[in-house]
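Everything on this sheet refers to the single structure shown next.
FYI, it's all coordinate maths here, none of it is from the lab. In this text, all values refer to a predicted model and were calculated from it rather than measured experimentally. Glycine also receives a Cβ, built like all others from the backbone with ideal geometry; neighbour counts cover every protein chain displayed.
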Amino acid sequence: MTQSFIHIESPNYLRLQDLSTPPDWQGIFGNHNRLALEIGCGVGDFMLKTALDQPDTNFVAIDFYNKGCDKTCRRIDRHGVSNVRVVRDEARAFVTERIPKGSLSAIYINCPDPWPKKRHRKRRLVNREFIEFLLDYMVPGADFFFATDFDDYGIDVANALPGITALENQFGPDLYRHEFPGYHLSKYMRKFMAEGKQIYFMHYKVK
Ligand SMILES: C[S@@+](CC[C@H](N)C(=O)[O-])C[C@H]1O[C@@H](n2cnc3c(N)ncnc32)[C@H](O)[C@@H]1O
């Protein structure tokens, strides 16, 4: 699918070509606060609320959807939020090239594309291999959050996570929960809940 290209004019939008490998995140944010990443921020509603709750955390919100990056920027600009930067990139490439190892205090992944057709499942972003790849970039004690509306995706990830010994389940003995008080609902979560679906929430910490 071709995306119509929107030129994003925002002080909080970082053009990939202007970023070094890896970028000086402390210099970009102008402080030494902890660094967190949202993968697939969509229109940025979850990012805005989460960043407002945690003014002492620097958030990087990424999506390869140009219109979503634009909407996220507009939302955070409108609210005068200074602890979010938005980048348009693919998750694995972004983390590899732009995140220093052992630097993330949290990773949020909400409602990633489910690829419901059996033959397309291998295209799913989140699986054991991807989570193990992310571990290298997280600090001890870092939070890993995953949420999906799609039963099959939720159950697959819920079953894979306990096998990753570097992570500790924050919902144990439950593998997932359908309610997560204090965790903001994203646009897609609200949409799916309105359709009567349940969200699978997972929360783990790096040991
Ligand atoms: C179903 S939407 C969910 C958006 C938002 N997280 C929410 O819950 O409302 C999935 C988003 O993830 C983005 N996405 C999927 N795979 C990605 C990847 N590998 N790298 C970056 N963004 C990705 C898509 O462009 C899309 O905006």
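Working note: 222 nm ellipticity from helices only, DSSP H runs with n ≥ 4, each -39,500 (n - 2.57), summed and divided by the residues of the chain, gives -8000 deg cm²/dmol to the nearest 500.
Taking θ as phi - 60° and the Karplus parameters 6.51, -1.76 and 1.60, the scalar couplings of the stretch 177-190 work out to 10, 9, 10, 9, x, x, 8, 6, 8, 8, 4, 5, 4, 5 Hz in sequence order, x denoting glycine and proline. Converting phi to 3J(HN,Hα) with the Karplus coefficients 6.51, -1.76 and 1.60 and the offset θ = phi - 60°, the stretch 108-113 yields 10, 9, 10, 6, x, 3 Hz in sequence order, with x at every glycine or proline. Derived value for the chain: Kirkwood hydrodynamic radius 17.4 Å. Basis is the mean of 1/r over every pair of different alpha-carbon atoms. Pairs exceeding 18 Å between alpha-carbon atoms, taken from 49/187; 101/207; 71/197: 71/197. Per the Debye calculation on the stretch 39-111 with a single equal scatterer at every Cα and no solvent contribution, log₁₀ I(q)/I(0) for q = 0.28 Å⁻¹ amounts to -1.43. When the chain is described by a simple charge dipole with +1 on each Lys and Arg Cβ and -1 on each Asp and Glu Cβ, the residue from 142, 31, 11 located farthest towards its positive end is 11. Highest-first packing order for the peptide set 49-60, 120-131, 100-111 is 100-111, 49-60, 120-131, based on the mean count of other beta carbon atoms within 10 Å. Each Lys and Arg Cβ is given +1 and each Asp and Glu Cβ -1; about its Cα centre, the stretch 37-96 then shows a dipole of about 200 debye. Here's how it looks for residue 106: its modeled amide H is under 5 Å from those of 37, 143, which are all 5 or more places away or on a different chain.
Per-residue 3J(HN,Hα) values for the stretch 55-69, derived from phi via the Karplus relation 6.51 cos²θ - 1.76 cosθ + 1.60 with θ = phi - 60°, read x, 9, 10, 8, 10, 10, 10, 10, 7, 8, 8, 4, 5, x, 4 Hz in sequence order (x marks Gly and Pro).
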